[in-house]
Amino acid sequence: MPDGVASRTEKGAPVRLDQVSFSYGEAPLVFDVDFAAAKITAIMGPSGSGKSTLLNVVAGFETPQSGRVLIGGVDVSAEPPSARPVSMVFQENNLFAHLSVEQNVGLGRSPSLLLTEADRAAIAEALERTGLAGKEKRLPRELSGGERQRVALARVLVRDRPVLLLDEPFASLGPALRDDMLDLVAAVHAERGMTVLFVTHQPEDARRIGEHVVFLDNGVVAATGKADEFFTGAGPEVFQRYIGTGAGDAVSRDVARKRT
Amino acid sequence: MPTRHPADPRTTAGIIALAAIALLIGGAFAGLLFEGAHDFSGAWAAFDPYLLRVVRFTLWQAALSTLLSVGPALLVARALSRHPRFPGRTFILQLFAVPLALPAIVAALGILALYGRAGYFAGVFAVIGGGSWPGIYGLSGILVAHVFFNLPLSVRLFLEALQTIPADQWRLASQLGMGARPAFRLIEWPTLRAALPGVAGLVFMLCITSFTIVLTLGGGPAATTLEVGIYQTLRFDFDPARAVTLTLLQIALTFVVVLALTRLGANVAGDTNLPVAPRRYLSVNGTETLLNVVLIVLALLFVVGPMAATVMAGLGADLGRLAGEAVVRQATLTSAVLAFLSALLSVTLSLALTMARRALALNRRSGAKTMLEHAADTGAGFVLVVPPIVVGAGWFLLLRHVGDVFAIAPVMVVTVNAVMAMPFALRAVRPAYDAASERHERLCAQLGITGWNRLMLVDWPSLRRPLATAFAFAMALSLGDLGVIALFGSDSVQTLPYLLLARMGSYRTQDAAGLALLLGLVCLALIMAAHWLGTEKDRDA
């Protein structure tokens, strides 16, 4: 396994973006924000506000023009994606279509698929944990959309890194399935205690598992705070505007519906 | 901020591939410049009236060929597009793809077997003309051969263009009661006109760089082009200074045409997808149908004729004796080995360039492309500016100072043909690689799957088929090539096309016909394999 992988007992590491600036040509993005260790932070904001870019910067897929990315207090700005203590689940294309479930998960342990007995045990355990036992030999096309994302989560488990980045991974799933997946993420988080950065468009998702919220607007962090405050109408005005006018009513009605 | 990640091995592979290509082309130019500087007055003296006549003929035959191919192709393509349910339409279109796969020398032989002095039609033509039929050597032969190759190509390209007309426009046309004439003027012609410069430019380009056709069907000094001139100057007159002049003129000519072509946005590699028959909402009246049927049948006969003649003449040869001849066996083996190596090299170089281009494009978030990325992107396209005979001529001139030019024949055949097939190989490999990369890039970066691991675990499964397509195509091109081997061939290194040319030269027409059948069938099989591999749905996808 590559260096810098946290052991299983290590709790999530704090993530800090220190004056990270980034430009897609015209509109510059500037991120200067802290993500608390071992918490689930929902990252929200309108389309084009830079949510995915923020995750890509943390993961190392994008190189910022200036600023630093610190994970667990260590500057990882110069590290390639595979050396960062980070796992990421994308909205799609999390799996190699020609490799089996088992192999796709196994790649989280060895990029050449040279697996030890211990690796195999970890893979089996992760598949069991994500409800995929018995589907080891299947190819991604033989799985449902939800199952594919479970495979991605199983790989997150075997990689066991202190930071998990979720880039709208459940956006294309139906509501019930999405809730199941969110619960799985919450359960995994409860066990492993990693730091989770979770990009979502759905306020219900953020409320269901999010402890903190970071709200982006126009390429900058417009507001941060506890999820409870954001969703009880005490949140910043920009967020209320994003959720929609009369958000307080809508939210409380929604909450009421869900609790029945 | 400079990227501090370790260098991507894909970029390194691309740099090596580019260096190899640069060495091949650069070496040829070094040979030419060295020779030119060595004997400048000789090179200058080559500008004589004969040279001017050669240049004029090169342009004249190309212009005529283009006119005769593209004009009728417009009508045939339109006829085919008007009848989406024409009986055997798909089969006709597939037949129209065959000339693309046939080596030029095979087609030339087929045309001679049909319209030559002793061809199947000689008797008919003699009766019509009242006297003896002289055969179609010279300009007429060159034109027939060029039209044989380029009419079907143009038809397919125009048809592809017509296919892009949205179905809604046809629905609208039928609702408005448009007849054939207004439909042509308002719907079909604008589309065809947009495609016309590109198609005509491509055909013109193919015709000014045509070597084999002119060599085999052109008759003497009156019908010689620059490319054949280079060959004759080196192989027969041995006048290196003159060869330099001819070669530089040829490069200048092709460069101007390619430049014009890229301005027009033409697809220089020139292969097409098989257009599917769309639903049509247009009724075609009786007279027009009759006219269209006649057009299609005429075009079909013109294209099928030489192919049928090749098969008939080939079967008439003493195939058993040919197969027993040691020379034939040796040439077949040589051809197979050289073509195999050439295809392997071509595919490897293409893959390296594709990977490098992608890696560089991914690393460059925004801003301008670097020189390297430009080179990896379009560099391969520029080899089309330098015809194989030109590269061969350059190295021929350079190596004659060093030792035996003929000993280097295998290396030249393999490398030059490999590079010449690259534009086609790239078109098969690049879209597949870029699509796979689109899906897998971040995943590989995250999981640390790089280099050999990545090639075997991730890239190979999605590239297997496109690579096989590129390989088969490159192998067919290399197998049928006569350009480089014509310069470098000798009794000790003969390929099938070279042997075929030799048999034609010594009037052993039957042998030549037998060899042509063999060569044609092998190339056709390879191209069909390439097509099948390229279109068959990958079961893992």
Exercise. Filter the stretch B:216-244 for residues that are surrounded by 23 or more Cβ atoms within 10 Å (Cβ to Cβ) and free of Cβ contacts under 8 Å to residues at least 24 places away in the same chain and give the result.
Key: B:Val228
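With respect to A:Ala122, determine if the residue is buried (at least 22 other Cβ atoms within 10 Å of the Cβ) and more than 14 Å from every other protein chain (Cβ to nearest Cβ).
Numbers: buried (at least 22 other Cβ atoms within 10 Å of the Cβ): yes; more than 14 Å from every other protein chain (Cβ to nearest Cβ): yes.
The answer is yes for A:Ala122.
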Practice problem: Would you mention how many residues in the stretch B:112-148 are out of contact with any Leu (no Cβ under 7 Å at 6 or more places or on another chain) and assigned to a helix (DSSP H, G or I)? | Solution: 17
Practice problem: Answer yes or no as to whether B:Leu67 is part of a helix (DSSP H, G or I) and open to solvent by 10 Å² or more (accessible area, probe 1.4 Å). | Solution: yes
Practice problem: Run B:Thr509 past the list (1) closer than 23 Å to B:Leu100 by Cβ; (2) β-branched (Val, Ile, Thr); (3) at pLDDT below 85 and report the number of the one that doesn't hold. | Solution: (1)
Exercise. Can you run down the residue pairs with Cβ atoms below 8 Å, 6 or more apart or on separate chains, where the first is in the stretch B:440-459 and facing chain A (nearest Cβ under 8 Å) and the partner is modelled with pLDDT under 85 and part of a helix (DSSP H, G or I)?
Key: B:Thr450/B:Pro9
Quiz item: Across the stretch B:170-215, what is the number of residues that are without any contact (Cβ under 8 Å) to a residue 40 or more places away in the chain and within 28 Å of B:Val258 (Cα to Cα)?
Solution: 6
Quiz item: Checking B:Gly71 against (1) at pLDDT 90 or above; (2) over 25 Å from the mean Cα position of the chain (by Cα), which test does it fail?
Solution: (2)
Quiz item: Any residue in the stretch B:88-98 that is surrounded by fewer than 22 Cβ atoms within 10 Å (Cβ to Cβ) and touching a Phe, Trp or Tyr at 6+ places or on another chain (Cβ under 7 Å)?
Solution: no
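Please state which one of A:Asp160, A:Asp180, A:Asp119 is within 22 Å of the chain's Cα centre (by Cα), of a type in the set (Asp, Glu) and under 17 Å from B:Leu447 (Cβ atoms).
Working: A:Asp180 fails: under 17 Å from B:Leu447 (Cβ atoms); A:Asp119 fails: within 22 Å of the chain's Cα centre (by Cα).
Only one candidate passes the filter, namely A:Asp160.
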Practice problem: Determine, yes or no, whether A:Ser112 is within 9 Å of chain B (Cβ to nearest Cβ) and either under 19 Å from the mean Cα position of the chain (by Cα) or not in a loop (DSSP other than H, G, I, E, B) (or both). | Solution: no
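Rundown of residues vs (1) surrounded by 15 or more Cβ atoms within 10 Å (Cβ to Cβ); (2) modelled with pLDDT under 90, yes/no style:
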{"position": "A:Leu173", "(1), (2)": "yes, yes"}
{"position": "A:Leu182", "(1), (2)": "yes, no"}
{"position": "A:Phe239", "(1), (2)": "yes, yes"}
{"position": "A:Tyr242", "(1), (2)": "yes, yes"}
{"position": "A:Asp249", "(1), (2)": "no, yes"}
{"position": "A:Arg259", "(1), (2)": "no, yes"}
Quiz item: From the list B:Ser140, B:Ser132, which one is under 18 Å from B:Phe302 (Cβ atoms) and open to solvent by 50 Å² or more (accessible area, probe 1.4 Å)?
Solution: B:Ser140
Self-check item: First in the stretch B:150-169 and of a type in the set (Asp, Glu), second anywhere and open to solvent by 50 Å² or more (accessible area, probe 1.4 Å), Cβ under 8 Å, 6 or more apart
Solution: B:Glu160/B:Asn273
Exercise. Kindly check whether there is at least one residue in the stretch B:231-244 that is over 30 Å from B:Leu102 (Cβ atoms), aromatic (Phe, Trp, Tyr), modelled with pLDDT under 85 and over 20 Å from the mean Cα position of the chain (by Cα).
Key: yes
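Given the condition outside any loop (DSSP other than H, G, I, E, B), away from chain B (no Cβ under 14 Å), open to solvent by less than 10 Å² (accessible area, probe 1.4 Å) and not acidic (Asp, Glu), answer yes or no: does some residue in the stretch A:137-148 qualify? Quick ask: steps written out before the conclusion?
Within the stretch A:137-148, the first condition is being outside any loop (DSSP other than H, G, I, E, B), and the residues that meet it are A:140-142, A:145-148.
With the extra rule that they be away from chain B (no Cβ under 14 Å), the set shrinks to A:145-147.
If we keep only those that are open to solvent by less than 10 Å² (accessible area, probe 1.4 Å) as well, we get A:146.
Right, trim to not acidic (Asp, Glu) and you get A:146.
Within the stretch A:137-148, one or more residues are outside any loop (DSSP other than H, G, I, E, B), away from chain B (no Cβ under 14 Å), open to solvent by less than 10 Å² (accessible area, probe 1.4 Å) and not acidic (Asp, Glu).
The values are calculated or read from the model by the stated rules, or taken from the named source; none is laboratory data. From a predicted model like this one, the values you see are computed outputs, not experimental measurements. With ideal geometry, Cβ positions are generated from the backbone for all residues, glycine too; neighbour counts draw on all protein chains shown. We work out accessible area using only protein heavy atoms, side chains counted, and drop any ligands, DNA or RNA first. Shrake-Rupley method; radii C 1.70, N 1.55, O 1.52, S 1.80 Å.
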